[in-house]
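The values are calculated or read from the model by the stated rules, or taken from the named source; none is laboratory data. Bear in mind the structure is a predicted one, so any value in this text is a computation, not a measurement. Reconstructed Cβ throughout: ideal geometry from the backbone, glycine too, with neighbour counts over all protein chains shown.
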Amino acid sequence: MKKNIKTAILLCAAFLIISSGCTPFVVRNTPDEPVETSDDPRFSFEIDDKSSDSDETGKSSENSASQSNSDSLSDNDKSSSKAKENSDSLVSEAPPENEEITAISLDVEKSDPQIGQTIKVIVTVTPDQDAEYILRSDDENVVTANEDGTLTAVGEGTCTVTAALKDNASVSDAVQITVSAPKNTDQEQNQDFYVDGILIVNKKYFITADYNPGGLTLECYSAFERLTNAAAEEGISIYALSDFRSYEEQVAIYNDYVMQYGEDGANSLCALPGHSEHQTGLAIDCASYDSGYFPGSPAAAWLDEHCAEYGFIIRYPAGHEAATGYSYEPWHIRYIGAKAKQITDSGLSLEEYYDLND
């Protein structure tokens, strides 16, 4: 009975499988047994490659889309990153709010100097106060710029002086300077001014820049040679430390005095260019081999007592500073000639003797 029921069940299952077109069940005794299939076309089947390809294509498309999205995101990220870099670059290039802009300002002690005067310059650079700058004049015939950072008025006229950064000439400042002839003088009256045959050169009376005898005059040189020989016979050594100076040399000397003592101090110790007796070839600054400091030395005493005998005067005697405009200089002698002894015996300075200050 049981056998009949089992047979009936198997037949029904076979009928259902065949009618539905499904692959029949295959029974194997062991997992490694080969699978036997029927040769009946109804039971044959093929793997749908298209379906597989479709699945793969789908996956590939999906992957491609995913990759495309990823690339797109990557490009966006790159663009965003680049924009950020540009933004950061702009931020880094912009100066900090508290950083000062480099600037330079130029100020001068006076903008209306007289010929021969030295002009102090004040240059301020911010924020770097130690930055190097260059001074320039657009007319060297009116004002010259000196290496020591000062200016010198050398001729009448108006010019512009500029201070510019050495490494960036666009950062600059400028001032206008007008130079005039020395005050209290008349060009025709005071130029080559003589009194009693004596050429007068002092703070009021001047000679022009082109006045140049080329050295000591012959008369002065010969007289000084007689003087030094006479002193040597008495055991006193005297020699010329400084004699003739050109206008240009006096400019340099005067500037040095200004740097050391200021303008007021320099004016009491040194003549302005054009106002120096040394330019005449008639003045000598003396020194002695026997003494390093001339004032109070035996040579100074001998010169004071005997120089008039050879046609010289002590040009700036002690006690007469108000009249001469200079401090006492026992070493500075001026060749006058025959009038020297008369002026010396009067006890007066040259200005007082001839009333040159009126």
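For ASP358, state whether it is outside the structural domain of THR208 (by TED's automatic domain parsing) and surrounded by fewer than 16 Cβ atoms within 10 Å (Cβ to Cβ). I'd like the intermediate steps shown before the answer.
On the way: outside the structural domain of THR208 (by TED's automatic domain parsing): yes; surrounded by fewer than 16 Cβ atoms within 10 Å (Cβ to Cβ): yes.
When the stated conditions are applied, ASP358 passes them.
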Qualifying residue in segment 341-357 (condition: among the basic types (Lys, Arg), modelled with pLDDT of 95 or more, outside any helix (DSSP H, G or I) and in contact with a helix residue (DSSP H, G or I) (Cβ under 9 Å, 6 or more places away or on another chain)):
no
Enumeration of residues in segment 221-278 that are over 17 Å from ILE207 (Cα atoms), part of a helix (DSSP H, G or I) and of a type in the set (Ser, Thr, Tyr):
TYR221, SER222, THR228, TYR257, TYR261, SER268
Condition (residue is assigned to a helix (DSSP H, G or I), in the same structural domain as PRO213 (by TED's automatic domain parsing) and closer than 29 Å to ASN146 by Cβ) applied to segment 280-301: is it met by at least one residue?
yes
